[in-house]
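Input: a single structure, listed below in structure tokens.
Only the coordinates and a few stated rules stand behind these numbers; no lab work does. Because the structure is predicted, anything quoted here is derived from the model rather than measured. Please note: Cβ atoms are built from the backbone with ideal geometry, for glycine as well, and neighbour counts cover all protein chains shown.
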Amino acid sequence: MESRRPPTQLRQPPYLPENVIMLILLWLPLKTLMQFKCVCRSWNSLISSPMFVKLKYLRSPKGANFMLTIEDLHDPQHHMILAVPCSVPSLLNFRLSAVYEYSSFPIMDDYWVVGTCHGLVCLAGPIWESEDSTDEFWVKIWNPVTRIASGRSPILHCNSFVSLELGFGFDYKNEAYKVVALITSLEAEKDSEKCQVKVYTMGDSGWRDKGSFPALPIAGRIRNKNDGIYITGTLNWLALRNFEGDNAWEDVTALDQVEIVSLDLGEETYKHFALPDGLDERPILTPVLGVLNDCLYLCHDYDTTNFVLWQMKEFGNATSWTLLLNVTNEHLQLDNFFLVSEVFPLVPICMSENGDVVVILSAEDIAVIHYDFKDDRVERHALPRRELWFQPKDYAESLVPPL
């Protein structure tokens, strides 16, 4: 009698709970995660979920990347300006070609990078087709990792012959991204009308009037606009307390005229911070605000001979200003500092976690300066001379959607 074998049982694939899969995926690089979204619908849904996006951003290393605007001078007939996320290690290890391993966003002349927040980059530009006496501008949001960009915002209308300073950040109270515009007209008869504020919340149908700015934002240098610096739910500008005369740095006669004005994006209220007490002499060149290791910084020249860097250790507390660096330009091996820095200032782009090393971008000779505090040692890393590098912005990669 023929023996019968029991039917072969189909083996079930090993099962992993979704929370375990999430913990594994959180360890992977963002570039790999973008590829893994194509594995199956459930993975695509998981990686795209708001919870996963938030957790991955919180785990992402901060200070490892920054956003640069790069002007390619190699081919004058096809002039191109790019907004490019850059890796700090690629610069320090002489792997300059690695900069372009990241995606980039082509922007035409006169467009600029307003700011970055949660891995999103805010771009702004003009409308050239305007035929009346007004200038028109737009903003849009771009994520370099996902390579997705939002559509253009509603048009921002400005009277001609005004200066425009923008700021981009996150409103934690209402969980929304906002762009703030400061529209300055020195020809206005009333002080309260010299600088008007407009706010655009991403997804809204237009810009809201927010009255007047409580100070006069100092005009930024060429290719280094005085756009608002984002930190901990606020935008910050270097500004003048009074409205007399021009808003150019050259017209500042005393440092007590200058302050930092901070706009809380949730409450839409203002605070005023003083400059460091140790800054007792007006720098010849306009100081620059920025963010370094999650702290607000102020850098400036001293008599065009020294590069000086301050850091506000506790945001909002003017007594926490700390002098980090005061080093001669000669020691930094800089030449013709005064001639070029009014257009392309020296700015720090990152600092080591223990604060021993700061990396400074020098557009004077298109180089990155690696300064070791402990050993007082300087290393210079030359960048491609066919390009101009400017407007460095603090940046951290993320999967946050720009829509």
Using Cα centres only, tell me the gap between segment 157-188 and segment 286-330 in whole Å. 25
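How much length is gained if the chain between residue 277 and residue 304 is pulled fully straight, taking 0.36 nm per residue apart and subtracting their Cα-Cα distance, in nm to one decimal?
Length gained between residue 277 and residue 304: 7.7 nm.
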In nm, spacing of pseudo-spin labels at residue 320 and residue 294 (7 Å Cα→C-beta vector): 1.1
Would you calculate the separation in nanometres between label points at residue 253 and residue 39, each defined as 7 Å from the Cα along the Cα-to-beta-carbon direction? 6.8
Pick out, in residue order, every one of the chymotrypsin sites (Phe, Trp or Tyr not before Pro) in segment 276-309 that is DSSP loop and has at most 16 other C-beta atoms within 10 Å; say none if there are none. none
Among all the lysines, which ones have a C-alpha under 21 Å from residue 178's C-alpha, if same-chain residues fewer than 8 places away are not counted? 54, 140, 198, 210, 225, 271, 393
Considering only DSSP states other than H, G, I, E and B, which chymotrypsin sites (Phe, Trp or Tyr not before Pro) in segment 142-174 qualify as loop sites with at most 15 other Cβ atoms within 10 Å? 161, 172
